[in-house]
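Read the figures in this text as sums done on the coordinates, not as results from a lab. Since the structure is predicted, the reported quantities are computational estimates derived from the model, not experimental observations. Every residue, glycine among them, receives a Cβ derived from its backbone with ideal geometry; neighbour counts consider all protein chains shown.
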Amino acid sequence: MALYEHVFLARQDLAQAQVDGLAEEATKIIEANDGKVTRTETWGLKSLAYPIQKNRKAHYVMLHVDAPGTVVEELERQTRINEDVIRYMTIRVDEHEEGPSIMMRKNERDSKRRSRDDD
């Protein structure tokens, strides 16, 4: 099976519980088609570079997927139908990164920087 990273952006007016529900829904689609999600990361509500469908911010979620290509086709088809998802991207990778992703490490680095500036 191939390894993929699937990132989607959910509308800004959704609650965090609804965003988690979208991630669970994507996980169910993958697992129902003989794939598996090895990790789910929620990056939080972030500003967009430009407005998309009148949204200036979006909830970012990344899934590490281990599945055949047909599963990714079905996942993208279901994601395209969902009105709460404003953008998505799936890329094939050679291996999944160990530990937190670069987006999660950025948050840790920023919080350390802020605490150092407060001293």
**Prompt:** Which of these, Leu22, Leu48, Leu75, has the largest mean-square fluctuation under a Gaussian network model of the chain (Cα springs below 10 Å)?
**Reply:** Leu48
**Complete:** Of region 31-63, those with amide N under 16 Å from the point 7 Å along the Cα→Cβ vector of Glu73 are 33-35
**Request:** Over 24 Å, how big is the tail of the calculated P(r) for the chain, in percent of all Cα pairs?
**Result:** 31 percent
**Request:** Any chance you could count the Lys pairs in region 2-118 whose alpha carbons are under 20 Å apart, treating pairs 8 or more apart or on different chains as valid?
**Result:** 6
**Item:** Highest-first arrangement of 38-47, 24-33, 60-69, 87-96, where packing means the average Cβ count within 10 Å
**Value:** 60-69, 24-33, 38-47, 87-96
